[in-house]
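The values are calculated or read from the model by the stated rules, or taken from the named source; none is laboratory data. The structure displayed is predicted, hence computed values, not measured ones. Note: ideal-geometry Cβ built from the backbone for every residue, glycine included; neighbour counts use all protein chains shown.
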Amino acid sequence: MKRTHIFLVLVAMVAVFSQSCKKKNDNPAPTIENPELLKAWKVSQALEGTLDVTAEFSQYRLTLADDGTTKSYTLVDRTGTSSTGTWALSTDKTTLTLTPASGTAVTYSSVSFSASELKYQGSTTGKGGSVTINFVLVPA
């Protein structure tokens, strides 16, 4: 009986020590924030005030990626010109900033998104100067 009791105590001690000696993961997997944004998007609607200018943005594509280290984007603008760089979403998730590899950062405001829709407001230069366009994008 004493042998069985001692054996059980030893087994319990081994189990406790083996749990406390597990290796700590010093390289946890990177955290991906806002995974619903990470896809290719195309324009479903573009409004300049109440004027529908969606047809002018038929080539427009925005692809957002995040490998856990770098948030990158590819943007094909309305003329078909492609640019790449990094992107950032404000902490309140209402401003999206695209910073091209070369050039000036572009900031979009009034951002809202879900897995099936990305909305934002941006400025572009038109014939009459700078205009504000409200975009609604859907997965491409």
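Taking THR79 as the residue in question, decide whether it is closer than 19 Å to SER44 by Cα, loosely packed, with under 14 Cβ neighbours inside 10 Å and modelled with pLDDT under 95. Taking the combined requirement at face value, the residue satisfies it. In the set (1) of a type outside the set (Ser, Thr, Tyr); (2) under 19 Å from SER44 (Cβ atoms); (3) surrounded by fewer than 14 Cβ atoms within 10 Å (Cβ to Cβ); (4) under 13 Å from the mean Cα position of the chain (by Cα), the condition left unmet by LEU118 is number (3).
Taken over the range 84-110, the criterion of being surrounded by 15 or more Cβ atoms within 10 Å (Cβ to Cβ) and either modelled with pLDDT under 95 or assigned to a loop (DSSP other than H, G, I, E, B) (or both) is satisfied by THR95, VAL106.
Among the residues of the range 111-140, the ones that are more than 26 Å from ASN34 (Cα to Cα) and either among the basic types (Lys, Arg) or at pLDDT 95 or above (or both) come to 1 in all.
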